[in-house]
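The values are calculated or read from the model by the stated rules, or taken from the named source; none is laboratory data. The structure displayed is predicted, hence computed values, not measured ones. A quick note on method: Cβ atoms are made from the backbone with ideal geometry, for glycine too, and the neighbour counts reach across all protein chains shown. For accessibility, only protein heavy atoms count, side chains too; no ligands or nucleic acids. Shrake-Rupley method; radii C 1.70, N 1.55, O 1.52, S 1.80 Å.
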Amino acid sequence: MAIRSIVKKGDSVLEKHCRPVTEFNDRLHILLDDMTQTLLESGGVGLAAPQVGVLRQAVVVLETNVPEDGEEYVIELINPEIISEDGEQRGPEGCLSLPGQYGIVTRPNLVKVRAQDRNGNFFEVEGEALTARCFCHELDHLSGVLFPERAERMMTP
Ligand code: ZN
């Protein structure tokens, strides 16, 4: 595994639409392993492939809603789509590609995603609170959308 450098705002790769993943091969597995290591190293909760310069529909999200004696774990989402959402949460949001910037963004409080795993198998996963926010934020990256576009206001210049 290797840590990849995170693309910062201003790079046009962050504004492009990502193509679906069609080959669930070693190259994808290396990308996902590297993304996980990069995410954990950065202290963030989510990372999308375009943030490491790859225009493919792949994201990793850290599930932090675990029991007190449980361990946080990374969810890999390939070709993800939101199939249902419920409730609302309003709060600060940031992005590893926009270091030091935060804005107030309203997101659903509960989000269900259908995606493929690293071997191409379809599955569904639910995220709540921060994880729901993260699913929405990372899926936005796959459409070239950055959180300031969703923010009602920025808290930083
Ligand atoms: Zn982001």
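Report the residue count in region 16-35 for those that are touching a Leu at 6+ places or on another chain (Cβ under 9 Å) and under 13 Å from Glu76 (Cβ atoms). Talk me through it step by step, then tell me what you get.
The first filter runs over region 16-35 and keeps only residues touching a Leu at 6+ places or on another chain (Cβ under 9 Å), leaving 16-19, 21, 35.
Still in the running and under 13 Å from Glu76 (Cβ atoms): 21, 35.
Counting residues in region 16-35 that are touching a Leu at 6+ places or on another chain (Cβ under 9 Å) and under 13 Å from Glu76 (Cβ atoms) gives 2.
If only one of Gly144, Gly127, Gly120 is away from the ligand (no atom under 12 Å from the Cβ) and surrounded by fewer than 17 Cβ atoms within 10 Å (Cβ to Cβ), which one is it? Full working, then the answer.
Values: Gly144 fails: away from the ligand (no atom under 12 Å from the Cβ); Gly127 fails: surrounded by fewer than 17 Cβ atoms within 10 Å (Cβ to Cβ).
Among Gly144, Gly127, Gly120, only Gly120 is away from the ligand (no atom under 12 Å from the Cβ) and surrounded by fewer than 17 Cβ atoms within 10 Å (Cβ to Cβ).
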Residues of region 135-155 being touching a His at 6+ places or on another chain (Cβ under 7 Å) and either acidic (Asp, Glu) or outside any helix (DSSP H, G or I) (or both), which ones?
Ser143, Gly144
Residues of region 29-60 satisfying the condition of being within 12 Å of the ligand (Cβ to nearest atom) and open to solvent by 40 Å² or more (accessible area, probe 1.4 Å)
Ser42, Val45
Has region 89-107 got any residue that is within 16 Å of the ligand (Cβ to nearest atom), outside any strand (DSSP E or B) and on the phi > 0 side of the Ramachandran plot?
yes
